[in-house]
Amino acid sequence: MQLRYSFRVYPGAGQRTALARAFGCARVVYNDALRAREIARSEGLPFPKTGDLSKTLITEAKQTPGRAWLGEVSAVVLQQSLQDLDTAYRNFFDGLKGKRPRMGAPRYKSRKDTRQAVRFTANARWSITTGGKLRLPKIGDLGLGHFAVLSDGRKVDSPRFLRRAEKRLKKAQRALSRKQKGSSNRNKARLKVARAHAKVTDARREFHHQLSTKLIRENQAVAVEDLAVKGLARTRLAKSVHDAGWSAFVSMLEYKAARYGRALVKIGRFEPTSQVCSQCGAKDGPKPLNVRVWTCQACGAVLDRDINAAVNVAKAAGLVVSACGAQVRPGHVPAPRSEAGTHPTPQPSTAR
């Protein structure tokens, strides 16, 4: 007997984007396979086998500009989409043979349909963490879940301005590519693409300004980890890293700290912030990125990877006294009135 359990999940903003991408890719592969079989039927050709479709529509399609984005999702999801089409055809043919109630032929899936689904098999390496969270391949640690994690436990979500604007940017870029070179219409399309990119840049810069100003005004000292941004930009996290704009954010922290008399400390990238328990100081060794919550083997403390690292960054910068129960963040210091941006007394108005 096989039992099926249903659970409700609460994905974050980045995870919702990744899930939507998986739904879309699975739908495209399903429709491509259905189209290939319909064409073969209309032309009197043999019924394409699933293995051939997998090679053509997934493996080889990933190498083409038009379907390169299929590589951004788990291959298991795409393979299971082909299996779903096989099941739909099998049920249809069994209905014609009287083996089961009749049902219609497989139909194309619409992106407007709210009933989107993907399947992960046991080979997909999904797992349930010790914290009771479901981790799916290319849905859980792929991308940046948070822009910043503070040592007091607060997490700042990554706005993902570029990810949210991708659809609009792609549409504008495709329109530009169709315009004749040197024409006035191409120049208009080029300006439209430039404005779309400028909008993303402005939104990211505004977010950086607001967060950096808040952190500098609330703290006498700020410590950041010197991440290897160039190295991360050569991995599968490249788009998320560029979208976050860490370097520009740290630059803002630097000049604002100097302007307002705050201290900014940079912690070396080789500091084992993710390997050391912030409670007892025991070094537990390196961990893969898919481990977000871990238990210290020395003291038994259950630690959030990001928050633990943030506390260790503060410790390395000398901003905390002890790792055990001590305050991990300096108390609030009232900012000088000159920083508030308002006048201490009402200013006289000049009447005309």
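Computed from the coordinates by the stated procedures, all read-outs in this text should not be read as laboratory data. As the structure is a computational prediction, the values presented were derived from the model and not from experiment. No Cβ is skipped: glycine too gets one built from the backbone with ideal geometry, and neighbour counts run over all protein chains shown.
Which of K112/K170; K49/K109; K49/K171; K62/K171; K167/K287 have a Cα-Cα distance over 26 Å? Beyond 26 Å between Cα atoms: K49/K171; K167/K287.
In a DSSP loop and with at most 11 other Cβ atoms within 10 Å, the trypsin sites (Lys or Arg not before Pro) in the stretch 38-67 are K49. Here the gap between R8 and T121, fully extended at 0.36 nm per residue and compared with their Cα-Cα distance, gives a gain of 38.8 nm. Amide H contacts for V222 (H built 1.01 Å from N in the peptide plane; partners 5 or more residues away or on another chain; cut-off under 5 Å): A263, L264, V265. With the Cα gyration tensor of the stretch 1-135 giving a ≥ b ≥ c as the square roots of its eigenvalues, does the rule (a/c under 1.5 for rounded; else a/b larger than b/c for prolate; else oblate) give rounded, prolate or oblate? Cα axes put the stretch 1-135 in the oblate bin.
Residue separation of Q83 and D202 scaled by 0.36 nm, minus their Cα-Cα distance, works out to 38.4 nm of gained length. For the stretch 135-230, the list of trypsin sites (Lys or Arg not before Pro) that fall in a loop by DSSP and count at most 11 other C-beta atoms within 10 angstrom reads K181.
Less than 5 angstrom separates the built amide H of D157 from those of F147, all sequence-distant by 5 or more or on a different chain. Distance between the C-alpha centres of the stretch 243-279 and the stretch 3-66: 42 Å, rounded to the whole angstrom. Note on L191 and H209: the extension gain reaches 3.9 nm, defined as 0.36 nm multiplied by sequence separation minus the Cα-Cα distance. For K155, a cut-off of 12 angstrom between C-alpha atoms picks up these aspartates and glutamates, skipping any fewer than 8 places away in its own chain: D304, D306.
Here each label is just a point 7 Å from Cα along the line to Cβ, and for L45 and R178 those points are 2.7 nm apart. Using equal-weight Cα scatterers in the Debye expression, the normalised intensity of the stretch 65-166 in log10 at q = 0.22, 0.23 Å⁻¹ is -1.29, -1.32.
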